[in-house]
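Below is one structure, written out as structure tokens; comments come after it.
The values are calculated or read from the model by the stated rules, or taken from the named source; none is laboratory data. Keep in mind the model is a prediction, meaning the values are calculated, not measured. Because the Cβ atoms are built from the backbone with ideal geometry, glycine has one as well, and the counts that use them run over all protein chains shown. The protein model used for the area step is the full one, side chains on, heavy atoms only, and it has no ligands, DNA or RNA in it. Shrake-Rupley method; radii C 1.70, N 1.55, O 1.52, S 1.80 Å.
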Amino acid sequence: MMSPTKQSYNNFIGIDIAKNTFVAYLHGDKKTYSFSNNEGGINDFIKQYEPFLKDVLVVLEHTGGYERKVLDALF
């Protein structure tokens, strides 16, 4: 019997999605950051969090499709 693959993560980011904005929190940081839920805001998020995006687990809610642009950028 094969054992399941175990993925280890060094960073954890939680994202709260709304229609026009999203808020990101990096585990261990003391601040949250708000971004516009559009191409410019998503680019700002990627630039700010780029050092943490390797070996990261990102958790966000399914919010009526408003999460789609952020998910596409992360993939």
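Worth a mention:
- When the residues F75, F22, F12 are ordered by accessible surface, computed with a 1.4 Å probe over the protein chains alone, the sequence from largest down reads F75, F12, F22.
- For the chain, the fraction of 1.4 Å probe accessible surface lying on carbon and sulfur atoms is 53 percent.
- With eigenvalues of the C-alpha gyration tensor scaled by 5 and rooted, region 32-75, Å: 16, 13, 9
- Interchain or long-range residues, amide H under 5 Å from N37's placed H: T21, F22
- With contacts taken as Cα pairs under 8 Å and at least 6 residues apart, the chain reaches a relative contact order of 35 percent.
- Square roots of 5 times each gyration tensor eigenvalue, C-alpha, the chain, largest first, Å: 24, 15, 11
- Within the chain, DSSP assigns beta bridges of which about 65% are antiparallel (rounded to the nearest 5).
- Ranked by the mean number of other Cβ atoms within 10 Å of their residues, highest first, the peptides 32-38, 46-52 come out as 32-38, 46-52.
- Within the chain, helix-based [θ] at 222 nm, where runs of 4 or more DSSP H residues each add -39,500 (n - 2.57), nearest 500: -7000 deg cm²/dmol
- The slack between T21 and S34, meaning 0.36 nm per residue of separation minus the straight C-alpha distance, is 4.0 nm.
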